[in-house]
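Here is the structure we will look at.
The values are calculated or read from the model by the stated rules, or taken from the named source; none is laboratory data. Given the structure is predicted, the values throughout are model-derived calculations rather than measurements. Cβ atoms come from the backbone with ideal geometry, glycine included; neighbour counts cover every protein chain shown. When the accessible area is computed, the model is the full protein with side chains, heavy atoms only, and any ligands, DNA or RNA have been set aside. Shrake-Rupley method; radii C 1.70, N 1.55, O 1.52, S 1.80 Å.
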Amino acid sequence: AVCARSYACNQLLANRYSAYGAHVDDSMNCQVYQNYGENESAIEAVKATFGKIIEKDGKCITAYYFSCSYGHTSDSMDVWGDNAGTILTGVVQAKEVVENSLTKNDSFEDFLYSDRAWYDEDAVWFRWNTVIGSEIDEKILTRLQERQKVVPGMILIKTGESSDGMHFAQGIPEKFGTLKDIVVVERGESGIIKKLLLVGSEASYLLQKEYNIRYVLAPLNVVYLKDGSSTGTMTLLPSAYFTVEKKDTYFMISGGGYGHGVGMSQYGAKHMAAEGKTYDEILTHFYANTSLVYLYQ
């Protein structure tokens, strides 16, 4: 209730849907707001937290939330950059203190496979894996073109390589061929993949930002979840927290979490509440360096 109120306050101020006589829509643009009818638990939560919002640096934050973390939440700058509006910092979702950078592949893998007490460990999306093979070859170029139209600066064509490193340029993807390699180029502090290189037989491309990575690599095979169940074809990879292992004829993608990872994990919050944490303790955990204030002061 507090997250939704904080989010709604900023949508009211933004007024971006004024032409439609609305403040939010029912898509992922607005935290998947749905026009369901009221229910008793929601009414009770709204009344119990009347007027409470989350504030940082004197301003109401855009209180993003998502389904399930893999053990760490994302820095908003790594996911959306300055477009996030509110700058939120990633937080470890383990019950004991963990202090290490996850920017390196080795440290990320150690963290992903470590045996800890996690807030999200009961969620089926906490750990998942899938395989990507030749079935994706005919889809990659189309997906690259689709994302390049939307965010041209985030899909770059490899133009060469020198002692200074790889070189890239903007341009319309015109060829790809077959998938030869998937290389993690850069991770954020939380371990999220920020830059990923797709090596094709005819051209290679640098994908930047988690949504573009998840979209282009959306699996055509089933995704196996923590409890042994599986999903069908997905329009996105569950998250950009994953490792890549190259096999003879396919790539094994193993990861964790579901969603962009910014702000509050809903499964993590549920677990903390079940352990007796109060709503203000949960919120100040997920939204670091914030405070709860009364909107109508």
Original post:
Using mean Cβ contacts within 10 Å as the protection proxy, how do 255-267, 53-65 order, highest first?
Top reply: 255-267, 53-65
Original post:
Here are some pairs, K175/K247; K194/K247; K139/K226; K195/K247; K59/K104; which of them have Cα atoms lying more than 32 Å apart in this structure?
Top reply: K59/K104
Subject >> Within the accessible area of the chain (1.4 Å probe), percent carbon and sulfur >> reply: 49 percent
**OP:** Give the accessible surface of the stretch 46-102 per residue, rounded to a whole number of Å², with probe radius 1.4 Å and ligands, DNA and RNA excluded.
**Re:** 45 Å²
Subject >> Spatial separation of Cα centroids for the stretch 1-73 and the stretch 119-162, in angstrom >> reply: 29 Å
**OP:** Could you do me a favour and compute the accessible area per residue for the stretch 225-283, 1.4 Å probe, result in Å²?
**Re:** 47 Å²
**OP:** Just tell me which aspartates and glutamates come within less than 15 Å, Cα to Cα, of K52; anything on the same chain fewer than 8 places away is out.
**Re:** E44, D280, E281
**OP:** Counting helices only, and only those DSSP H runs with n ≥ 4, report the 222 nm mean residue ellipticity of the chain as the sum of -39,500 (n - 2.57) divided by its residues, in deg cm²/dmol to the nearest 500.
**Re:** -7000 deg cm²/dmol
**OP:** Counting only heavy atoms of the protein chains, get the accessible area per residue of the stretch 125-196 (1.4 Å probe) and round it to a whole Å² value.
**Re:** 50 Å²
Original post:
Can you give the convex hull volume per residue for the Cα atoms of the stretch 24-180, as a whole number of Å³?
Top reply: 231 Å³
**OP:** Could I have the simple spin-label model distance between I43 and V222, label points 7 Å from Cα toward Cβ, reported in nm to one decimal?
**Re:** 4.3 nm
Subject >> Cleavage-rule hits (trypsin sites (Lys or Arg not before Pro)) in the stretch 98-203: DSSP loop, at most 16 neighbouring Cβ within 10 angstrom >> reply: K104, R116, K175
Original post:
Simple spin-label model, 7 Å along Cα-to-Cβ: S101 to E275 in nm?
Top reply: 2.8 nm
Subject >> Accessible area, probe 1.4 Å, largest first, for residues T159, T290, T142 >> reply: T159, T142, T290
Original post:
According to a simple spin-label model (label point 7 Å from Cα along Cα-to-Cβ), what is the distance in nm between N15 and T231?
Top reply: 3.8 nm
**OP:** Restrict the search to the stretch 167-254; then list the GluC sites (Glu not before Pro) that DSSP places in a loop and that have at most 11 other Cβ atoms within 10 Å of their Cβ.
**Re:** E174, E202
Subject >> Spherically averaged projected area in nm², based on the convex hull that wraps the Cα atoms of the chain >> reply: 17.9 nm²
Original post:
Using the Cβ atoms and a cut-off under 14 Å, what net charge is assigned to the surroundings of N212, where Lys and Arg are +1 and Asp and Glu are -1?
Top reply: +3
